[in-house]
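Handing you a structure now.
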Amino acid sequence: LACSHHLCAFPVNCNELCVWNTATAQPLYLPGHHYSISALSFGSKINPLLVCSASHERVIVWNLDECTQKVQEGFTPRGIVIGTLLGMVLHIRFSPDDQQVAVCAGNQIYMLSAKNKALLAELGGHLAPVTAAEFCTWEKSMLISVSEDRTFKARKMVWDYSTSQLIYQSGIITPFPFLSLLIDEENKQIITGCAEGQLWIFSLISDHNYRCIAHIDLKKEQEKFCNKVWKSGKEIGEGQNNSKLCKTDNMRREGSVEASLPILLIEHCDFFVCFHNEENMYSSLNTSYFWIGTSTGLLIINLANFELEAFLSYRECSFGKDYSDLSIRIARSCALARKAANRKVLCLISSMFEDMIAVLEVNLAALVRTQQSDFLPCGNEKNLSVIASSYFFPYLTNHYFRVTECKLNYFATGVKSTVKDKPLVFHNKIKSSGYTAAPRMTMFYPNTNLKKKEVSKWKTSFKCKNKEYPLESYPPIKYEKEISVTCKPTPIFCIQYSGDGELLACGLADKSVLIFNSDLTDVRHVFSGHDGAVNSVGWSHDKKWLVSASEDRTLRIWSVCSKGPALILGKENFHKTVSFAQFYFIDTFILLCCGPEFHLLSFHLDTTKDDLKRYKQRSVCKLVQKFPMTSTMEITSLSAVNEFYSYIVLTAGSNRALEVFDLNAGCSTAVIQEAHVRSIHQICQNKGSSFSTQQPEAYNLFMTTAAGDGIKLWDLRTLR
């Protein structure tokens, strides 16, 4: 089968070619083959539009304009026979300039001239039938091919000598034969599909040496997508059918058989053209998309995150619309038009078990909108933002300590004041304690009543203290210096720069914390006192304090100006090891991870000593609230901004999920299941100041997560 714009090409009566115009509903019959047609392909150019058909005994190129004119004049249309007796042809492809045709027959690839019967080159090397071949558009002499021998080859053609030069030959990649191939010109990648629903993506950039970029299991992606739509409560064919979405393969009926998912076709998707004025709905996803044609349905894959965007099943109990008129349930082959016409994509499928072909016009915008409207923010909906909803200013210096009272899920902040000795006075009326009042619906109330002069002075001093990384500079890649932190080999478990980049803190396995100058020229401080390896270190915003967490189930806050700890939280406060700790909300709180939950603590630090009670710490700390993460055994990573006021806390669990908490509402706002194949061990955000020369909205729109399967970049506005 083959599609191009509004034209469909398919065999009729096995050996006769039919080109059907969907706009005029007029078929054009092109006889010329004596055996069954096994491969079809349209040319790359529109004027003239060529189509090539291949059978066991001949390969013919047809000029559709000339053939149409011949039929109108009453003559039998004729094509140009460019090859004969090549064997069973599985695939044919025109070169970008329509001057050559690559014919995949058996283990060989025959390069034929599209103008006359001339064999330009015969390419071997594959050990099994070649199933697909594609020309590289930005380098016309390069040809990529895949085969049932489970490998792919890259060749550079030398037309003057009618030969080719093998550039790259892969090893055996998958246990199943490759069936389809696509070259992504925009990203310079090749995308291959095998007979068991596996996608493999390789880079064609010269420095990458054809390395594998991604491996996608379509069965798992389809199952995740269907479960996500099912959980959103979407119904099929709203207004037409009230049946619920099925929960994919893991919810199959008893006695059903799990079939393979052969990838028959990979094609570019004209995604944004189909949306026209609706593309702002996906403005944050500035990426390319492609179609995947399988034996059971059509899928759309986002090339940026390798996730499923939409799924169209051939069965009646499919997503979106109920195709009751479509009797094909399992496809033998399929074809898709690369360009959309009238916001619709032309699709051609043939049945596996019957002599039947179906033509579909897929409204891509309606399909995606129906399946994703419940879990994709669009239009004027309020998106998630790491920046606090109001433009906050810092507290005054004498407001550093805030007494926190916890009531239900809400807490309010106040100011500690100094009370002088005064005579005792009795009042007739006593103000209510507030227990009968409604609970507060907002958790944080920073002081925003600063005068303009004070604010401008604070901004000026803030910009002077922080050094901005020069945008014109390259990333630091040059090796500068190396030092040994201890006399004997000791693992370093954690490391963190201070906010201004002048100091570096390290947590070691020997239970100590070291502070270096950023150029590693001198050890500023050595803190000891933990009884276990130090898991985490974190700087305060003002660079005066350092928080550390250890395997001994304790948390300590150290003063950079003194050697002893200013605050110690012992084992009785935590039921499990504290794996991570940091200052939060510009040093107002402390966040720490303990097992499957994280704690929010308020604190007051006092390093003064009483001669009579010199061993009693005067610093105090109080638990505000615990936030459990959904369905996980342990929080593996946590990220929150301390450089400016932000309500958002990001967590990752051992269940491979990401969860977003809004501490202003005191609850979880979003959960991303199976964000990675393996557990996430690091979450990173852009923690630049919201008082930078740029707008605060330019910060923290993205985060990165790292796991054993790779690194992902996420858009925090859409959580994709």
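The values are calculated or read from the model by the stated rules, or taken from the named source; none is laboratory data. The model shown is predicted, which means the values in this text are computed figures rather than measured ones. Quick reminder, even Gly has a Cβ in these numbers, built from the backbone with ideal geometry, and neighbours come from all protein chains shown. To get the accessible areas, we keep the full protein, side chains included, count just its heavy atoms, and leave off ligands, DNA and RNA. Shrake-Rupley method; radii C 1.70, N 1.55, O 1.52, S 1.80 Å.
For region 492-718, what does the accessible surface come to per residue with a 1.4 Å probe? Please give it in Å².
For region 492-718, the solvent-accessible area averages 42 Å² per residue.
Now for a different question. Evaluate E = 1/(1 + (r/R0)^6) for Val158 and His34, where r is the Cβ-Cβ distance and R0 equals 41 Å; express this FRET efficiency to the nearest 0.05.
Efficiency computed from Cβ-Cβ geometry: 0.75.
If I stretch the segment between Thr76 and Phe353 completely, what's the gain in nm (0.36 nm per residue apart, minus their alpha carbon distance), one decimal?
Full-extension gain reported as 96.4 nm.
Quote the FRET efficiency, to the nearest 0.05, computed for Asp519 versus Ile477 with a Förster distance R0 of 30 Å and r equal to the Cβ-Cβ distance.
That pair, Asp519 with Ile477, gives E of 0.95.
So how do 205-214, 493-502 stack up, highest first, on mean other-Cβ count within 10 Å? Kindly include the intermediate steps, with their values, before the conclusion.
Details: 205-214: 11.9, 493-502: 14.8.
My ranking of the peptides, most packed first, is 493-502, 205-214.
Something else about it: At a Förster distance of 51 Å, what's the computed FRET efficiency of Lys188 paired with Thr630, Cβ-Cβ distance as r, to 0.05?
For Lys188 and Thr630, the calculated efficiency is 0.80.
Among the GluC sites (Glu not before Pro) in region 23-98, which ones are in a DSSP loop with at most 14 other Cβ atoms within 10 Å of the Cβ? Mind listing them? It would help to have the intermediate numbers written out before the result.
Details: sites: Glu57, Glu66, Glu73; in loops: Glu57, Glu73.
Those satisfying the criteria are Glu73.
Could you order the peptides 591-601, 171-181 from most to least packed, using the average number of other C-beta atoms within 10 Å per residue? List each step's numbers first, then the result.
Details: 591-601: 21.6, 171-181: 17.0.
Peptide ranking by packing, descending: 591-601, 171-181.
Just to be sure I understand the model, the point goes 7 Å from the Cα along the line to the Cβ. What's the resulting Thr287 to Val677 distance in nm?
For Thr287 paired with Val677, the spin-label model returns 1.6 nm.
Still on this structure, please answer the following. Carbon and sulfur atoms: what percent of the 1.4 Å accessible area of region 492-718 do they account for?
Result for region 492-718: 51 percent of the exposed heavy-atom area is carbon or sulfur.
Using the heavy atoms of the protein chains alone and a 1.4 angstrom probe, what is the accessible area of region 1-172 per residue in square angstrom?
In whole numbers, region 1-172 has 46 Å² accessible per residue.
Enter the accessible area of Lys188 (Å², nearest 10), with the probe set to 1.4 Å and all protein chains included.
About 80 Å², rounded to the nearest 10.
Glu361 to Ser206: extension gain in nm, 0.36 nm per residue of separation minus the Cα-Cα distance? Could you put the intermediate results ahead of the total?
Values: separation 155, 0.36 × 155 = 55.80 nm, distance 3.87 nm.
Length gained between Glu361 and Ser206: 51.9 nm.
Zone of Arg338 (label point 7 Å along Cα→Cβ, backbone N under 14 Å): which residues in region 58-93?
93
May I pose another question? Hey, any idea what % of region 1-172's accessible area is carbon plus sulfur with a 1.4 Å probe?
That fraction is 50 percent.
Contour minus end-to-end for Arg717 and Ala214, with contour as 0.36 nm per residue of separation and end-to-end as the Cα-Cα distance?
Taking Arg717 through Ala214 to full extension adds about 178.6 nm, to one decimal.
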